[in-house]
Each structure stands twice: as C-alpha cells, then as structure tokens.
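In what follows, a single structure is set out as structure tokens and then discussed.
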Amino acid sequence: MGTMAKKSIRTTSFDVAALAGVSQSAVSRAFTPGSSIKATTRDKILEAARKLNYVPNSIASSLTKNRSSIVAVILGTLSNPFYVHTLHAFSQELQKLGRQTLTLTLSDTMDTDEAILKVLQYQVEAVILTSAQLSTRMINLCHDRGIPVVLFNRYIPHSDVYGVRCDNVSGGRMVADAFLAAGARSFMMITGEANGSTSQDRVRGFVERVLEAGIPRSAISSYPGLRSYEGGAAAVDMHVAAGHEIPDAIFGIADVMAMGAMDALRYRYGKRVPEDVMVAGFDGIPEGGRPPYQLTTVRQPVAEMVTETLNLLNFDGAREPEELTRDRPIAGEMIWRATVPRPARAEPAPVAVAPEASAG
C-alpha cells in the first residue's frame, strides 16, 4: 500500500503576527525594505518568522497591488562583457531600492516585442531595454498599463521612449582624434549592429572627424564584428582575405571586438600593437585594461548612466513625466593606455589587475 503524501500547510503573515504579538501590517512592514518600523519590533517579527519557517509571498503581494517590485532588464546580448557589467550594476542598485531584477536575453528566435510580452506576464513595475528594436505597438502597450520603459545605451529617433546613453558620436570623434594625432592615415572600423543607434553613432562620429582631417572615405574600411571577441578577430581575417594591407589604425566600436582584433593581429599576422598598427575600443570594460591588452578606449560612465536610468523610472513618483528630458546623452571619457601613442598632454591610465580570488 502506498504512503499518503504529507499535506503541506503554508504559514501566513497572520500566523507570524499572532506569535510575535503584533499586527499583520507590522509583519508586512518588517519584510519591506525602507519601511518605518522599530528595530525591536522587526527583530521580534523575524524571530517569529524563523520559528514558523515563514517566507513572504511576493507574488501574492503583487496580485493585491496589481504590480510587483520586479524590474525587467532586457538585454540584446551577453557576448559583450559591457552588458554583463551593466546588468550587475543595475541588480545592485535595484536591490538597494527594494526591487528585484528579471533578466531576459534576446536570441535569434525571440525579438524585443516578444520579450516585452513575456515580462508583462510577471506584472513588472518597469522595463529597462538595451535593444532599440521596439515597435510602437509595444511602446503603447506598456504606456497603457502605466509601465515605464527606459532605453539604456541607445535611443529610438522620433519616439516617446526615454533613453540614457553615452554621447557616442562625440566618443567616436575622440577615437579618430587620437589616431590622427598619432599620424594614422588609413583606418579600419569593426562595427556592431547595422541598425543599432549605438554602433551607428560611434561610426558616424569617427568617420566625420576623419573626413574633416582631409582623408578620403576610401581610406576607411569597415567590417561587422558581431558584437563579440570572435567577431573582432574575424573582421581582421576578412580584411586580409580581401587582399588589403593592414591599416595604420583599427577602431573596434566595442572593446571586446577590439581585443579580438588585437589578438588576431599579434598571433595570426605577427603585427605589433601599436608599433605596426594602432587599436582603440569603446566602452571601458575592465578586461580591456588588463596587462595583455592595455587597450586605449572611450569609457562609458556606467554608474552615472545607471543612476540616471533609475531616476527616469521615477519609482517614488516625485516628478511628472513632462519634467524629464527624453534623450539623455552623457559624455564618455578617453582612457589612454598602450595601444595608441599618447599625446604629450595626456595622462596614462593605471593598469587594471584582476583581483585575486577569495579563499572563501
């Protein structure tokens, strides 16, 4: 004869309140970050919860409020370490605000509109989007439900969506200035998404500045880098396979692609960086500052961009939306390292060394 399954009895907040001798609303406040409650009362409630094995049900709470404390972060890719670091920064800051992060990564079989529909099933409080391929229908769907959407590191021209980004056009010009000052006269770009505002703006700033210096457009070649280390290396291979000489300077519009290009140049073609060919990136990921690379780059102000994004989400409702500027470009910073000769006036950047792993 089979054994009958033991029935599970779920402990409720009312059980905890009864044991602790407090109201149910006090139990709710004890588990809500930032709530006003005496430390001694909170301790009494937490002790009662421990004895009863009580865990608050945030999903049930979201049903009563018609909104969870979940913020969706939709990522276009994780092949670029910049977005891994960005996700970490958002997670840390959202936790401080009493929110949790729901992460969704786009794939070949899932576009941004489908991702939006998926995260809306979780009663999310807001959406942070690092992919700009968002239809007007989805924008309106979120707006109709009172769910703010903020684009991070990109923008959609002529739309009503708020966005925070690095000033990518200016950053592209900074890289061109660095190459030109070092004497470069032939160039190669390794680009990202063909229809992505981030890649387009960095390319536009770079090309405009090179042309302003009187160099013909034919001196600038361009290859897709697939937003990855492998794509950056493959771009160099494509250039060589087409029968072209290695240019004076290569601009990877993301650090990870510039790093792939550097390794291809050094280990497949025997080129020295920067003696034979200069290389610069964009983003300022920690990996680019490590000793094998020492990559000169434009660093995005990630901490400031994350803070500005969370301000736009306006969790406390302190401002009316019309008070906010929709597109927020923030200046990047040129970080001089070893892959482009520095002008005499530029200060060197410190070498980034990976922290030792903790024994614990």
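Comparison of Arg202, Arg217, Arg227, Arg290 shows that the only residue that is of a type in the set (D, E, K, R) and farther than 23 Å from Val84 by Cα is Arg217. A single entry from Glu125, Glu114 fulfils the requirement of being of a type in the set (D, E, K, R) and touching a residue at least 24 places away in the same chain (Cβ under 8 Å): Glu125.
The listed residues are Ile139, Ile116, and the only one of them that is under 22 Å from the mean Cα position of the chain (by Cα), buried (at least 19 other Cβ atoms within 10 Å of the Cβ), of a type outside the set (Phe, Trp, Tyr) and farther than 30 Å from Arg209 by Cβ turns out to be Ile116.
Of the listed requirements (1) farther than 26 Å from Gly192 by Cβ; (2) buried (at least 22 other Cβ atoms within 10 Å of the Cβ), Phe82 misses just one: (1).
State yes or no: is Met188 under 21 Å from Leu265 (Cβ atoms) and assigned to a strand (DSSP E or B)? Yes; evaluated as a whole, the condition is true for this residue.
Among residues of region 119-136 being out of contact with any Lys or Arg (no Cβ under 9 Å at 6 or more places or on another chain) and more than 11 Å from Ile74 (Cβ to Cβ), the one that is surrounded by the fewest Cβ atoms within 10 Å (Cβ to Cβ) is Gln121.
Of everything listed in (1) surrounded by fewer than 24 Cβ atoms within 10 Å (Cβ to Cβ); (2) farther than 30 Å from Pro148 by Cα, the single unmet condition for Met189 is (1). If you go through region 276-310 and pick out every residue that is assigned to a loop (DSSP other than H, G, I, E, B) and among the β-branched types (Val, Ile, Thr), you end up with 2.
For region 68-82, residues that are free of Cβ contacts under 8 Å to residues at least 60 places away in the same chain and closer than 12 Å to Ser228 by Cα total 1. Considering only region 270-288, I want to know if a residue exists there that is at pLDDT 95 or above, of a type in the set (Lys, Arg) and under 22 Å from Arg185 (Cβ atoms). Checked region 270-288: at least one residue is at pLDDT 95 or above, of a type in the set (Lys, Arg) and under 22 Å from Arg185 (Cβ atoms). Residues in region 266-297 that are buried (at least 21 other Cβ atoms within 10 Å of the Cβ) and either within 17 Å of the chain's Cα centre (by Cα) or of a type in the set (S, T, N, Q) (or both): 8 in all. Taking the criterion of being closer than 20 Å to Cys142 by Cβ, assigned to a loop (DSSP other than H, G, I, E, B) and either of a type outside the set (Ser, Thr, Tyr) or at pLDDT below 55 (or both), the residues of region 46-77 that qualify are Asn66, Arg67, Gly76. Listed by first and then second residue, the pairs linking a residue in region 141-161 that is farther than 18 Å from Ile330 by Cβ to a residue that is at pLDDT 85 or above and of a type in the set (Val, Ile, Thr), with Cβ atoms under 6 Å apart and 6 or more places separating them unless they lie on different chains, are Cys142/Val149; Val149/Val127. Reported count of residues in region 191-215, each being part of a helix (DSSP H, G or I) and among the hydrophobic types (A, V, I, L, M, F, W, C), is 5. Here Val240 qualifies as of a type in the set (A, V, I, L, M, F, W, C), not in a loop (DSSP other than H, G, I, E, B) and not assigned by TED's automatic domain parsing to the domain that holds Ser35.
Within region 14-33, which residues are of a type in the set (Ser, Thr, Tyr) and part of a loop (DSSP other than H, G, I, E, B)? Result: Ser23, Thr32.
Within region 195-219, track down each residue that is of a type in the set (A, V, I, L, M, F, W, C) and closer than 21 Å to Asp167 by Cβ. Scanning region 195-219 gives Val203, Phe206, Val207, Val210, Leu211, Ala213.
Taking the stated definitions as given, is Asp248 out of contact with any Ser or Thr (no Cβ under 6 Å at 6 or more places or on another chain) and either at pLDDT 95 or above or β-branched (Val, Ile, Thr) (or both)? So Asp248 fails the test. Taken as a whole, the structure leaves Pro216 outside the set of residues that are out of contact with any Leu (no Cβ under 9 Å at 6 or more places or on another chain), buried (at least 16 other Cβ atoms within 10 Å of the Cβ) and either within 20 Å of Gly171 (Cβ to Cβ) or not aromatic (Phe, Trp, Tyr) (or both).
The values are calculated or read from the model by the stated rules, or taken from the named source; none is laboratory data. Here the structure is a predicted model, which means the values were calculated and not measured. Note that each Cβ is placed from the backbone with ideal geometry, even for glycine, and that neighbours are counted across all protein chains shown.
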